[in-house]
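Asker: Below you'll find the structure I mean.
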Amino acid sequence: MRGSRLLDRWVERASRGMAQRTSRRGLLARLGALVAGGALLPLLPVDRSGRINSARAQAFFENAQAEDPTACNYWRYCAMDGYLCTCCGGGLHTCPPGSDPAPTSWVGSCLNPADGQLYLIAYRDCCGKGVCGQCPCLSTEGEMPIYRPQLSNDIAWCFGARSMVYHCTAAALVGRA
Amino acid sequence: MVEGVAQDFSRNCQGCHRADGLGACNAVPRARDFVGLFTRIPEGREYLMRVPGVVWAMLDDERLAAVLNWMLRTYSAEQLAPDFVPFTAEEVREARKRPLANVLEVRGRLILKMQQQGLLPPGEDGFASAKCGR
């Protein structure tokens, strides 16, 4: 009955998300999003020449910095949605003690202001511990309601983790995009 | 740098199926050393084109067909049917119009069939061996 279990998890996650943290959108928004045709982030990958179509995506990059990973405008957080693990006792790609990384992630393409290159970032929820609550960074560009889960943010991305309880989100570097 | 079809995979599928193709236990079926088995039973080919992740992928039919073929060859070449014919954009376009409403039920039937044919050991369904958190 994996089907119902999965469904249960989704519902649980959705309601938990909405109840606990009004708008944590750690979704695959980014995932599909990246590629999606209407969301900003999504356009980026397609627009590697610097022709960034979306005003809001462009705004993120214009304000992005490469020094402080505990601030929402740190470049790797272009498709972030959640509490920064760097503010919760974890690192850019490590979970705080007591929480475990989910095997699944959502993906974003972010421009590094330090070298002007696009990188693929895997946003990974750390799970199994109560919500951290520090440094909420919410990207709402291109967000869709829950019935379009690939572009909705109100889903804790703890698939495959031991627990579906969301703690924070880390942003690991995957490689050049 | 990742480009072309691999890039489409990495941006649309990799988050959940993972770069290593292992998926996530009880949530995302593994692709590695597994997904090609679906090409060995008649209904499997259509199944692959009608699962939610494929149907709703934000890729056009041509790129989607390319990603399907790439995933099969990259993660599961050994399991691929010897007479496998690559997916075409045309058949993907038609199949996508008919999403599986009961995907897990259909999948369960196909898995059972594969087990009965000895293609899969009992108990292995692509979820049991997917990647789990520690």
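Asker: Within the stretch B:45-57, identify whether any single residue is modelled with pLDDT of 95 or more, in a loop (DSSP other than H, G, I, E, B) and closer than 24 Å to A:Pro149 by Cβ, and answer yes or no.
Answerer: The answer is yes, given that some residue of the stretch B:45-57 is modelled with pLDDT of 95 or more, in a loop (DSSP other than H, G, I, E, B) and closer than 24 Å to A:Pro149 by Cβ.
Asker: Starting from residues that are among the basic types (Lys, Arg) and out of contact with any Cys (no Cβ under 7 Å at 6 or more places or on another chain), keep the ones in the stretch B:82-134 and report whichever is modelled with the lowest pLDDT.
Answerer: So the residue we want is B:Arg134.
Asker: Would a scan of the stretch A:122-133 turn up a residue that is of a type outside the set (Gly, Ala, Ser) and in contact with a Leu (Cβ under 6 Å, 6 or more places away or on another chain)? Give the derivation first.
Answerer: In the first step, residues of the stretch A:122-133 are kept if they are of a type outside the set (Gly, Ala, Ser); the result is A:123-127, A:129, A:131-132.
Imposing the further condition that a residue be in contact with a Leu (Cβ under 6 Å, 6 or more places away or on another chain) reduces the set to none.
No, there is no match, as no residue in the stretch A:122-133 is of a type outside the set (Gly, Ala, Ser) and in contact with a Leu (Cβ under 6 Å, 6 or more places away or on another chain).
Asker: Something else now. Say we look at the stretch B:2-54 and pick out the residues that are within 9 Å of another protein chain (Cβ to nearest Cβ) and at positive phi; which of these is surrounded by the fewest Cβ atoms within 10 Å (Cβ to Cβ)?
Answerer: This residue is B:Asn26.
Asker: Ok, one more. Among the residues of the stretch B:86-111 satisfying the criterion of being under 20 Å from B:Ile41 (Cα atoms) and part of a loop (DSSP other than H, G, I, E, B), which is nearest to the other protein chains (Cβ to nearest Cβ)?
Answerer: B:Asn102
Asker: Among the residues of the stretch B:4-32 satisfying the criterion of being within 19 Å of B:Phe87 (Cα to Cα) and in contact with a helix residue (DSSP H, G or I) (Cβ under 6 Å, 6 or more places away or on another chain), which is modelled with the lowest pLDDT? Give the derivation first.
Answerer: So the first thing to find is which residues in the stretch B:4-32 are within 19 Å of B:Phe87 (Cα to Cα), and the list is B:4-9, B:12-13, B:31-32.
Right, trim to in contact with a helix residue (DSSP H, G or I) (Cβ under 6 Å, 6 or more places away or on another chain) and you get B:5, B:8-9, B:12, B:31-32.
Numbers: B:Val5: 95, B:Asp8: 94, B:Phe9: 96, B:Asn12: 91, B:Ala31: 97, B:Arg32: 97.
The qualifying residue modelled with the lowest pLDDT is B:Asn12.
Asker: How many of the residues in the stretch B:92-103 are surrounded by fewer than 16 Cβ atoms within 10 Å (Cβ to Cβ) and touching a helix residue (DSSP H, G or I) at 6+ places or on another chain (Cβ under 9 Å)? Spell out how you get there, then give the answer.
Answerer: Restricting attention to the stretch B:92-103, the residues satisfying the condition of being surrounded by fewer than 16 Cβ atoms within 10 Å (Cβ to Cβ) are B:93-94, B:97-99, B:101-102.
Add one more test, that the residue is touching a helix residue (DSSP H, G or I) at 6+ places or on another chain (Cβ under 9 Å), and what stays is B:93-94, B:97-99, B:102.
Counting residues in the stretch B:92-103 that are surrounded by fewer than 16 Cβ atoms within 10 Å (Cβ to Cβ) and touching a helix residue (DSSP H, G or I) at 6+ places or on another chain (Cβ under 9 Å) gives 6.
The values are calculated or read from the model by the stated rules, or taken from the named source; none is laboratory data. For clarity, every value in this text was computed on a predicted model and none was experimentally measured. A quick note on method: Cβ atoms are made from the backbone with ideal geometry, for glycine too, and the neighbour counts reach across all protein chains shown.
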